[in-house]
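Below is one structure, written out as structure tokens; the observations come after it.
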Amino acid sequence: MTFVPVIPESYSHVLAEFESLDPLLSVLRLDSSRLKCTSIAVSRKWLALGSSGGGLNLIQKEGWKHRLFLSHREGAIAQIACCSHDDDYVAVATSQGLVVVWELNQERRGKPERIYVSSEHKGRKVTALCWDTAILRVFVGDHSGKVSAIKLNTSKQAKAAAAFVIFPVQTITTVDSCVVQLDYLDGRLLVSSLTRSFLCDTESE
């Protein structure tokens with residue numbers, strides 16, 4: 001008979017280790033007494049871990065060997081979102097309410113670059129980040145209910161000749177309470193607050 005442990009009601013998450021995490025832990029080398037993990041995100045290529053010291057660890061899931069470390073002086077990492085359709089982009093929100101978008105430059109074997117820093121939510125707690133599924137656009141939600149979008153326009157093929165063109169940050173909507181979830185598909189942005197869910201048509205506004 002298989003033993004099934006009883007989970008106390010006060011626990012909100014259960015962590016199951018199906019294989020040894022020792023290779024991953026040895027790559028991270030986190031000193032638990034000094035740094036705390038504050039956020040996590042996963043893409044097809046990366047495992048992203050944010051820390052209380054403002055560091056973002058990106059570990060390649062294949063073999064747990066290749067690692068990138070991105071530092072932020074703007075505070076602890078509060079939220080992370082990896083771009084689902086292009087693993088070369090990642091967005092993070094800091095404890096100061098700033099949103100930083102990085103291009104990792106893995107295809108060109110270059111150094112990661114900050115390509116945009118948004119202060120639209122500065123001084124607020126960013127509670128959700130979400131990428132568009134087709135273009136380079138990041139949706140941001142905060143504790144006051146405000147939802148905005150950062151749109152980046154670039155062509156990797158012509159990048160040597162043309163720099164990033166940054167469009168103004170667009171306010172999508174303001175909902176009734178703290179944004180707890182954002183999700184996007186086919187022109188529709190799902191915004192969930194503490195009391196209800198909203199479906200926004202981002203094309204017709």
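The values are calculated or read from the model by the stated rules, or taken from the named source; none is laboratory data. Predicted model only: the values in this text are computed from it and were never measured. Note: ideal-geometry Cβ built from the backbone for every residue, glycine included; neighbour counts use all protein chains shown. Calculation scope for accessible area: heavy atoms of the full protein, side chains included, ligands and nucleic acids excluded. Shrake-Rupley method; radii C 1.70, N 1.55, O 1.52, S 1.80 Å.
For the chain, with a Gaussian network of springs between Cα atoms less than 10 Å apart, report the residue from Gly54, Gly145, Gly187 with the top mean-square fluctuation.
The residue that fluctuates most here is Gly187.
I need to check one value: relative contact order of the chain, counting alpha carbon pairs closer than 8 Å and at least 6 residues apart, in percent.
Value for the chain: 10 percent.
I'd like the carbon and sulfur percentage of the solvent accessible area for the stretch 36-201, probe radius 1.4 Å, heavy atoms only, ligands and nucleic acids excluded.
Carbon plus sulfur share of accessible area: 50 percent.
With the crude spin-label approximation of a point 7 Å out along Cα→Cβ, what separation in nm comes out for Arg44 versus Lys151?
Once both label points are built, they end up 2.5 nm from each other.
Could you provide, to the nearest whole Å², the per residue accessible area of the chain with probe 1.4 Å?
Roughly 59 Å² per residue, with all protein chains present.
Taking N as the number of residues in the chain, what is its Cα Rg relative to 2.2 N^0.38 Å?
It is 1.10.
Keeping every protein chain in place, order Leu15, Leu35 by accessible area at 1.4 Å, biggest value first, i.e. largest first.
Highest to lowest solvent-accessible surface, that is Leu15, Leu35.
Between Ala134 and Val180, what FRET efficiency follows from the Cβ-Cβ distance if R0 is 35 Å, with the result rounded to 0.05?
Using R0 = 35 Å, I get an efficiency of 0.90.
By how many nm would the segment from Leu199 to His66 lengthen if fully extended, with 0.36 nm per residue of separation less the alpha-carbon distance?
Full extension from Leu199 to His66 adds 44.0 nm.
Suppose we flag chymotrypsin sites (Phe, Trp or Tyr not before Pro) only when DSSP calls them loop and at most 10 other Cβ atoms lie within 10 Å. Which is the longest uninterrupted stretch of the chain?
19-205
Report the local net charge at Gln96: Lys and Arg +1, Asp and Glu -1, summed over other residues whose C-beta lies under 13 Å from its C-beta.
Local net charge: +1.
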